[in-house]
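Data block below; observations after.
The values are calculated or read from the model by the stated rules, or taken from the named source; none is laboratory data. Quantities reported herein were computed from a predicted structural model and do not represent experimental measurements. All Cβ positions, glycine included, derive from the backbone under ideal geometry; neighbour counts span all protein chains shown.
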């Protein structure tokens, strides 16, 4: 079947997104035909700006428009707790609950020998540098998967020597689920029920 080259090219480029196959990409392209040129221009500019401006916070590793994210820049937050999460999506999900007012530390991955991801590939070394006399509790909020468990145990081992309380979110979070897909009520419940592990 003959397709216009520009149509085919756009379908191919939209197919790079997770969960977007050829059929979905084609639907998006047909939908874009109904949009005016200004909307398309705004979309393309926002994609370019996102790629150009987004970076990782130099303090916690979360996605940010600035060298230091808004959470790390907020001096009114609780300096006594640091919550360790896998990625920025988890930060944003926990923030929606309005339950936690401390700081975060984003690992940007989990230990997974099968995928060739080792502890040194994660944002762990900077965590150690962040723990000072103000930090009283580290909350581990990693997904309850095999990789999450391995990473949690590795971090626990490191923190044993640091004389800081280590807790983790309750197992009220279903095994195998991702924090980003849980509703705020479930995350709130798990937060209230967190347990001390060392």
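Cβ-Cβ below 7 Å, separation at least six or inter-chain, first residue in region 155-179 and at pLDDT 90 or above, second assigned to a helix (DSSP H, G or I) and buried (at least 16 other Cβ atoms within 10 Å of the Cβ): which pairs?
Matching pairs, first to second residue: 166/159.
State whether one or more residues within region 53-76 are under 24 Å from residue 196 (Cβ atoms), in a strand (DSSP E or B) and either out of contact with any helix residue (DSSP H, G or I) (no Cβ under 9 Å at 6 or more places or on another chain) or in the same structural domain as residue 184 (by TED's automatic domain parsing) (or both).
no
Just a yes or no: is a residue in region 185-197 in a loop (DSSP other than H, G, I, E, B), surrounded by fewer than 17 Cβ atoms within 10 Å (Cβ to Cβ), modelled with pLDDT of 85 or more and out of contact with any helix residue (DSSP H, G or I) (no Cβ under 9 Å at 6 or more places or on another chain)?
No: zero hits.
For the list (1) touching a strand residue (DSSP E or B) at 6+ places or on another chain (Cβ under 8 Å); (2) surrounded by 12 or more Cβ atoms within 10 Å (Cβ to Cβ), I need the number of the one condition that residue 26 fails.
Only one criterion in (1) touching a strand residue (DSSP E or B) at 6+ places or on another chain (Cβ under 8 Å); (2) surrounded by 12 or more Cβ atoms within 10 Å (Cβ to Cβ) is unmet by residue 26, namely (1).
Starting from region 61-83, keep only residues that are free of Cβ contacts under 8 Å to residues at least 12 places away in the same chain, then list their pairs with residues that are part of a loop (DSSP other than H, G, I, E, B) whose Cβ atoms are within a distance under 7 Å, requiring at least 6 positions of separation or different chains.
Hits for this filter: 64/57; 68/57; 68/58; 68/59.
Any residue at all in region 127-142 that's in contact (Cβ under 8 Å) with a residue 60 or more places away in the chain and either over 28 Å from residue 70 (Cβ atoms) or surrounded by 14 or more Cβ atoms within 10 Å (Cβ to Cβ) (or both)?
Yes, because at least one residue in region 127-142 is in contact (Cβ under 8 Å) with a residue 60 or more places away in the chain and either over 28 Å from residue 70 (Cβ atoms) or surrounded by 14 or more Cβ atoms within 10 Å (Cβ to Cβ) (or both).
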